Each structure stands twice: as C-alpha cells, then as structure tokens.
Ligand code: DLL
C-alpha cells in the first residue's frame with residue numbers, strides 16, 4: 001500500500017490550489033461570521049471576507065498567536081455551538097492554563113483521514129498491528145492516531161504511555177508491527193529490550209511513527225538500528241489538529257504537509273515577513289477544513305523551512321524539513337543561540353556515548369555557563385580514565401565547533417539521566433530562577 005488517498009495526496013498542483021482557495025474563502029467566511037475575535041481583527045485591518053480573492057491574499061490576514069488562544073480560554077475561539085463539539089483536547093503547556101481545542105464530528109473524520117494517510121506513509125496497511133504508546137487523554141497523540149488506525153482498518157493496541165515492561169510483553173505477544181510514540185520513548189523501549197534480552201528478531205516490529213518532540217537524523221539511525229525498524233517522523237500540534245499535519249514518506253527527506261487541509265507559510269519571526277522556500281523561519285498554519293476550531297495564520301513557534309521540489313514518492317504536497325526546535329526552546333547563552341538538537345546531532349555520531357543528554361544552564365557571576373551532560377556507554381564507563389578523558393575531549397571540541405560556544409562537557413554514568421515516556425526534557429535553565 002503506497003498511499004491512503006492517492007487522489008488528494010498526489011493531486012496536480014493547479015487542482016490543489018483551486019481547492020485550497022475555495023476552502024480558504026469558506027474558512028475565512030466561517031470565522032468572520034462565528035468568531036468575534038477573528039471578525040474584530042479583520043475589521044481592525046480593514047478587511048472583509050470578500051477581500052480574499054487569491055491564495056496570495058492570505059498574506060493580508062493578521063496572525064494568530066498562542067497568547068490569543070490563552071486570552072480566549074477556554075472556548076472563546078470555537079466557531080460552532082457547543083452542541084456541535086464532540087471532542088475536546090488540550091495541550092499541557094508549561095505554566096498556567098492549557099490551550100483548549102475542539103472538534104466536530106466532521107473534524108474528527110478529517111483528522112482520522114489524515115492520520116490514516118500518515119500511517120500508510122510510515123509503512124502500515126490493514127494487516128498491521130499498531131501499538132500506540134503516546135499518551136491517551138487530553139494530549140492529542142494517543143486518540144489522534146487511534147482513530148487513524150481504525151480508519152485504515154488495521155488493529156490498534158491502545159497501550160498509552162508508560163508501563164514499559166508491559167509494553168514489551170504485549171509487543172511480543174500481540175505481534176506488534178508498528179510502534180507509535182515519542183522518539184525518546186522509543187529509545188527507552190529499545191534500552192529496556194536490550195536489558196531484558198529481547199532481540200529485534202524476537203519481535204514482528206517493522207515500523208515506527210515518532211514525533212511530538214524534536215529529534216535528529218542521528219537519533220533516527222540509532223532507533224532504527226536498535227529496534228530493527230524504519231522510523232518515520234510525524235508532526236502536528238494541538239492548535240492546528242494534533243498529529244498528522246505532516247508526515248515523512250519513504251524518501252525520509254522532509255515531511256509532506258497535507259495541503260488540502262492546511263496552508264503552511266514560513267515567516268521571519270521578528271518581522272512577520274513571508275519567507276521563500278528554503279529559508280528557515282517560523283512555521284505558520286491556516287486550516288482549510290476545520291469547523292470547531294479553525295485557525296488563521298497561526299504562529300507555531302516551530303522553526304523549519306519549506307521545500308517545493310517534486311518528491312520521488314509521487315506526493316505533490318510541499319515538504320517541511322524536520323523541526324530544528326521551537327523558538328521557546330532556543331537557549332541564548334552569551335549571545336549565542338543554542339538548540340538541544342544541535343547537541344544531539346553531535347553525540348549521535350559517537351558509539352562511546354548513549355543518545356541520552358541534558359543541557360544545564362547556570363549564571364555564575366555575570367556569565368552564562370552551559371554544562372552538557374552525556375551518558376557514557378557501558379563499555380566506555382568500564383574503560384580507563386585516560387580513554388574516557390580522550391573521548392570527552394574529542395566530543396567536547398566537536399560540540400564547541402558546532403555550537404560556536406565553550407561548553408563544560410560532563411560524561412555521566414550510564415542510566416543516570418532520567419528517561420522519558422512522553423516528551424523528553426532536555427534543558428534545565430537555572431537562570432530563570434535567579
Ligand atoms: O505533540 C501532537 C503530536 C502527537 C505530534 C504525536 C506528533 C505525534 P502538542 O502537544 O500540542 O501536540 O505539541 C506540539 O510539539 O509545536 C512542536 O514544537 C512539537 N512537535 C510535534 N511533532 C514534532 C516533530 C503534539 N515531529 C509541538 N518534530 C509542536 C519536532 C515536534 N517537534
């Protein structure tokens with residue numbers, strides 16, 4: 001099975017753009033009529049729905065930010081009466097009230113269609129046994145993919161996150177063929193497998209669909225080797241829908257954004273100016289089919305770039321590169337921008353260390369200091385001190401050249417960094433609590 005919906009996934013660009021314009025106009029009409037927040041913002045910008053005549057006119061519309069969503073907590077941006085809303089999800093956020101989103105029956109239907117497309121792109125078909133180890137509940141990961149598996153007609157094992165030993169037992173006993181979880185949890189499962197003497201050959205596992213947090217090409221290779229699978233990157237966010245906004249194909253060279261449902265843009269985060277293909281900036285989405293919670297030019301804070309070159313897989317939808325990080329996760333240390341994924345891209349080149357790491361930032365006097373903790377492999381840990389020091393120096397100088405910053409690299413004991421069952425925490429920034 002190559003595609004779930006070839007008609008839409010491989011549609012001629014001119015046809016796709018015609019559908020996009022129709023759907024964009026309908027969405028703008030819908031929010032203008034039903035959401036006071038959007039109507040007021042358009043009026044303030046001197047716009048009415050009739051001003052959206054071409055796809056380029058999208059650029060005239062004001063952005064929507066995470067703060068706008070917070071200000072309208074909980075249901076202020078819903079565009080349908082509550083009686084039409086069949087499901088609520090919420091994203092946890094770090095502080096304060098969550099961001100709340102809603103779905104009509106038709107929204108759930110569209111979401112199921114898109115996650116079914118993702119599963120097929122990742123290698124699934126009707127015979128697959130899909131173990132969902134994303135959390136179920138307010139988080140969109142578990143239920144979002146769950147409905148896609150049912151739509152596809154494969155078998156879903158709604159395991160949710162955690163309970164690692166049982167995950168492995170069921171994976172073996174049920175013959176799971178596809179695992180869905182965060183990349184960090186996939187790695188943890190691989191570790192526990194090795195620990196309990198389960199080899200990839202003992203399982204039927206062939207594919208993984210991993211996302212909800214940034215990860216690197218190096219991490220993909222590690223996970224693929226250790227689990228003996230093909231690992232596919234899946235992207236999404238609650239505000240726009242949940243998992244299934246975009247997915248990698250077998251080319252593993254960027255994630256196709258389902259453009260019959262969303263229009264992506266890249267903007268310069270400081271000026272808001274639209275950027276060309278290939279230029280890195282903030283990803284912005286406009287939904288085209290959502291009823292309960294449409295979004296107009298929503299600023300995701302995720303940083304990436306878009307690629308409109310044709311793809312060998314046959315899909316015609318543009319690709320986004322893997323997310324390098326959120327602007328919120330970017331550390332500024334002595335004026336230098338640092339993303340945790342940069343550290344990951346360096347350490348995954350070495351077999352002497354595990355892909356388990358933590359960045360700790362402190363302010364000592366007036367100076368910001370970055371400590372990077374990386375776990376040694378069991379083998380390195382039992383090696384001579386001299387050899388450990390040699391590896392430390394080598395990785396340290398590699399890190400400094402990639403980050404452009406002096407770091408205090410600490411090689412720590414195997415298994416000493418906390419494992420994650422959901423989104424991994426890679427940064428402790430002690431400066432914020434000064
Ligand atoms: O994480 C939805 C999701 C669930 C996606 C399962 C994929 C798989 P939120 O909790 O709202 O929703 O978090 C969304 O997570 O803005 C990105 O910063 C980050 N993120 C999601 N997928 C990826 C990915 C879900 N593949 C936020 N790579 C987004 C990097 C990702 N970051």
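Odds and ends about this structure:
- Residue that is surrounded by the most Cβ atoms within 10 Å (Cβ to Cβ) [pool: residues in region 149-166 that are in a strand (DSSP E or B) and touching a helix residue (DSSP H, G or I) at 6+ places or on another chain (Cβ under 7 Å)]: 157
- Here residue 301 passes the criteria (1) more than 21 Å from residue 38 (Cα to Cα); (2) outside any loop (DSSP other than H, G, I, E, B) except the one numbered (1).
- Some residue of region 193-208 being assigned by TED's automatic domain parsing to the domain that holds residue 130 and crowded, with 24+ Cβ neighbours inside 10 Å: yes
- Across region 314-330, the qualifying residues are those that are at pLDDT 95 or above and touching a strand residue (DSSP E or B) at 6+ places or on another chain (Cβ under 8 Å), and the one among them that is nearest to the ligand (Cβ to nearest atom) is 323.
- Scanning region 133-147 for residues that are within 11 Å of the ligand (Cβ to nearest atom), in contact (Cβ under 8 Å) with a residue 24 or more places away in the chain and either surrounded by 20 or more Cβ atoms within 10 Å (Cβ to Cβ) or not in a loop (DSSP other than H, G, I, E, B) (or both) yields 133, 134, 135, 139, 140, 141, 143, 144, 145.
Residues checked against (1) in contact (Cβ under 8 Å) with a residue 24 or more places away in the chain; (2) under 25 Å from residue 186 (Cα atoms); (3) in the same structural domain as residue 171 (by TED's automatic domain parsing):
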| residue | (1), (2), (3) |
| --- | --- |
| 227 | yes, yes, yes |
| 243 | yes, yes, yes |
| 255 | yes, yes, yes |
| 258 | yes, no, yes |
| 261 | yes, no, yes |
| 266 | yes, no, yes |
| 273 | no, no, yes |
| 314 | yes, no, yes |
| 322 | yes, yes, yes |
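- The condition of being within 30 Å of residue 229 (Cα to Cα) and surrounded by fewer than 24 Cβ atoms within 10 Å (Cβ to Cβ) holds for only one of 120, 130, 85, 80, that being 120.
- Residue check for residue 367: free of Cβ contacts under 8 Å to residues at least 60 places away in the same chain, outside the structural domain of residue 215 (by TED's automatic domain parsing), touching a strand residue (DSSP E or B) at 6+ places or on another chain (Cβ under 8 Å) and farther than 19 Å from residue 325 by Cβ: no
- Some residue of region 331-341 being within 21 Å of residue 236 (Cα to Cα), outside any loop (DSSP other than H, G, I, E, B) and not assigned by TED's automatic domain parsing to the domain that holds residue 235: yes
The values are calculated or read from the model by the stated rules, or taken from the named source; none is laboratory data. Just so it is clear, the model here is predicted, and its values are computed rather than measured. Neighbour counts run over all protein chains shown; Cβ positions are idealised from the backbone, glycine included.
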